[in-house]
Structure formats: structure tokens, C-alpha cells
Amino acid sequence: MHLEEKTLSSDLAYQAKIFRVTKDTALLEDGTKAVRDVVHHSGGVCVVPLTDRGTLLMVKQYRYPMHEVTLEVPAGKTEPGEDHYECGLRELREEAGRTCNSYTYLGKLYPTPAYDTEVIHMYLARELSAPEEQKLDDEEFLDVVELPLTEAINMVMDGKIHDAKTQIALLKTWMLINQDK
């Protein structure tokens, strides 16, 4: 079929803590074979916590692969068998120390579909609880930062927020909030 590839074989090349890599052989539509390296990831969730004042709760954390501190919305990896809806609520509690009464699905994104199976689901959290103590994972260090949504959108547009999931989730939130104005 046009634009489809059939997997002929898949061999484990590397097993890591949060992903695995396979070397696959695929049959192309013209009958030729191609090698496809695939990173298999359980996926993740990101949450835009929006306060009643129109401010966001974001997190600053060091991202080792980039060797820099990034500004992101709370997010995390789904555990095997975990529902993304519940994962987002868990990450909101763990990273931002909040719960919410309003939780809106913003869709999903494929961060790097050329070689990675990761899917990130995005949510908007409103009607936030009062701050509680964070419940960070082992080896996780981050600071919660509160800033106006408009400032965060300007940071996305000015190239000051580099994280793709954060950019997309913030822009979708902005569009959702402003579509009825």
C-alpha cells in the first residue's frame, strides 16, 4: 500500500532504563528493504497548570542531554500500563504540588516520529488546589516558577522556551482560552 512500510524483522539493539532501541528491517512499497532504527518509549504526559489569576506553574530543571536548565510545564513518563489521564494528575501533584478540579485534554503529539515511538499527551489543569509539598522522584530536582500566561507565550515566540511539548501545550492553551473572545 502507498506510503506504508511492513516490518519484516525487529532485533533488540540496546535496552536502557527508560527506552529500548531496535534495529528493524522494513519492506518498502517498491519491494526494496530498508533498515530502521527505532527508539521505543512508553510515552508521557505534560500538564499546563493555569491558576485563577491567569498565571502558570512551570518547572525549571537541569536537562542533562542539553546541559542547561530548561523552563517546562510539569511532565513525566507514563509507567507501563498507566493511563495518561492518571499520569498527568500524578505529575501535577508530584512536580507542582497541586491537584485540580478541571482537567481538559489538549491532544497528543509525536516529538520525534522519524525514529521514536514516544507519544506525549497534553492536559490543561484549572481550579488548582492550594500548594502542597512536592513529591519528586529520586534523582529529580526542580523549582516551581509562577508566571503570567502571556509572558510564557511571549517566551515561546521569542525562542526562550525550547522544550517542544511546552511550546505546543502553551500555544494550544492560549488558543483555547482566547477562541471565544
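Report yes if some residue within segment 57-70 is in contact with a helix residue (DSSP H, G or I) (Cβ under 6 Å, 6 or more places away or on another chain) and under 21 Å from residue 162 (Cα atoms); otherwise report no. Checked segment 57-70: at least one residue is in contact with a helix residue (DSSP H, G or I) (Cβ under 6 Å, 6 or more places away or on another chain) and under 21 Å from residue 162 (Cα atoms).
Restricting segment 84-124 to residues that are in a helix (DSSP H, G or I), of a type in the set (Asp, Glu) and open to solvent by less than 80 Å² (accessible area, probe 1.4 Å), the residue that is nearest to residue 39 (Cα to Cα) is 91. Taking the condition of being assigned to a helix (DSSP H, G or I) and in contact with a Phe, Trp or Tyr (Cβ under 9 Å, 6 or more places away or on another chain), how many residues in segment 125-155 meet it? The qualifying residues number 4. State which residue is most open to solvent (accessible area, probe 1.4 Å) when the search covers only segment 156-181 and only residues that are over 23 Å from residue 91 (Cα atoms) and either at pLDDT below 95 or touching a strand residue (DSSP E or B) at 6+ places or on another chain (Cβ under 7 Å) (or both). Per the criteria, the residue is 181. The single condition among (1) farther than 19 Å from residue 165 by Cβ; (2) touching a strand residue (DSSP E or B) at 6+ places or on another chain (Cβ under 9 Å) that residue 123 does not satisfy is (1). Just one of the numbered conditions (1) out of contact with any Leu (no Cβ under 9 Å at 6 or more places or on another chain); (2) outside any loop (DSSP other than H, G, I, E, B); (3) closer than 18 Å to residue 77 by Cβ is not true of residue 21: (1). If you go through segment 40-81 and keep only what is among the aliphatic types (A, V, I, L, M) and surrounded by fewer than 17 Cβ atoms within 10 Å (Cβ to Cβ), you end up with 66, 69. If you filter segment 1-39 down to residues that are among the acidic types (Asp, Glu) and over 25 Å from the mean Cα position of the chain (by Cα), you find that the one that is least open to solvent (accessible area, probe 1.4 Å) is 24.
The values are calculated or read from the model by the stated rules, or taken from the named source; none is laboratory data. Note that the structure is predicted; figures quoted are calculated from it, not measured. Positions of Cβ are generated from backbone atoms using ideal geometry, with glycine treated the same way; all protein chains shown enter the neighbour counts. Areas reflect the complete protein model, heavy atoms only, side chains present, ligands, DNA and RNA absent. Shrake-Rupley method; radii C 1.70, N 1.55, O 1.52, S 1.80 Å.
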